[in-house]
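The values are calculated or read from the model by the stated rules, or taken from the named source; none is laboratory data. Because the structure is predicted, anything quoted here is derived from the model rather than measured. Note that we place each Cβ from the backbone using ideal geometry, even for glycine, and neighbour counts take in every protein chain shown.
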Amino acid sequence: MIVVSVLNVANIFFGLNAAGTLNIAMFTALRRVSILMTLVAQWWFLDKQSSRTVIASIAVMVGGSFVAALNDLAFDAQGYLFVMTNNLFTAASQIAAKKAMDDGVEKESILFYSAVASLLISSIMSLDFHPRDFALWSTPAFQFCFVSSIILGIAINYGASWVIEKNDALTLAVAGSTKSAVMGLIVCLGLFDATYKFSVLNFAGLQISAIASFFYVYYAKKKTDPPCTDTKQSENVQIQNSENVEIQKVLV
């Protein structure tokens, strides 16, 4: 429980720093590397293998991210270091959470202890922070965004835990990447983030990575849906078995 909580806090810390040093488009693209890390970790620690189509879609996702990074005109070495560390902690925290849930730990317990750990660590880091020195603290726009971020943070954390509990860590990793595809496209069009510098190769890599994430969803869903013929065959077998049992009773 303690390990999961610490990993969750570290994941949030490096994620915030990475988002603050990179433009949104490149941040969402490089975050897809966490999917590859989760795929390997899930196979290694949870002994869960994925189909070839799922692995191929993840490879295209990560490949598109590297294509985008090759022509990132706003390259920031510190930002890249933060986001790669964030990817590592994302994979580690999701795998640890899934293993804990498989061992019988409730997701509410994980959320509670993660919140406690986050409160303690953030309180220590905020000792030198003086709210009066922040000029926007009393503005209604900032207060609205601040409260909204708290509410949405709770909703996202609960939703992420629910996805891990019902599916697996890899599905959560791809879902977190897919939800940013639209935002990355909007940023490429010049909205919300002035730090992004457009280039054809960078834009192509971002969109290849985004499209591949939707292919993952398709193949993962296709794998989990059993064919209708199998269901019908199993029902027929059960009916035949019951009829055979009745015939045997009559003969006896």
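For this structure, a couple of remarks:
- The stretch 1-23: number of residues that are in contact with a Phe, Trp or Tyr (Cβ under 7 Å, 6 or more places away or on another chain) and surrounded by fewer than 21 Cβ atoms within 10 Å (Cβ to Cβ): 6
- Exclusive hit being within 26 Å of GLN207 (Cβ to Cβ) and either free of Cβ contacts under 8 Å to residues at least 40 places away in the same chain or charged (D, E, K, R) (or both), set ALA56, ALA29, ALA18: ALA56
- Residues that are more than 20 Å from SER199 (Cβ to Cβ) and outside any helix (DSSP H, G or I) are absent from the stretch 15-28 altogether.
- Hey, VAL105 farther than 18 Å from ILE12 by Cβ, modelled with pLDDT of 80 or more and in contact with a helix residue (DSSP H, G or I) (Cβ under 7 Å, 6 or more places away or on another chain) or not: no
- Inside the stretch 1-29, residues that are under 14 Å from the mean Cα position of the chain (by Cα), under 30 Å from VAL116 (Cβ atoms) and aliphatic (A, V, I, L, M) make up a count of 1.
Listed here are the residues, each with its yes/no results for (1) part of a helix (DSSP H, G or I); (2) modelled with pLDDT of 75 or more; (3) among the hydrophobic types (A, V, I, L, M, F, W, C).
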position: SER161; (1), (2), (3): yes, yes, no
position: ALA175; (1), (2), (3): yes, no, yes
position: MET183; (1), (2), (3): yes, no, yes
position: ALA194; (1), (2), (3): no, no, yes
position: PHE198; (1), (2), (3): no, no, yes
position: ASN202; (1), (2), (3): yes, no, no
position: GLY205; (1), (2), (3): yes, yes, no
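- Qualifying residue in the stretch 143-158 (condition: at pLDDT 65 or above, surrounded by 15 or more Cβ atoms within 10 Å (Cβ to Cβ) and under 30 Å from GLY64 (Cα atoms)): yes
- The stretch 32-53 - residue that is free of Cβ contacts under 8 Å to residues at least 24 places away in the same chain and of a type in the set (D, E, K, R) and, of those, farthest from VAL217 (Cα to Cα): ASP47
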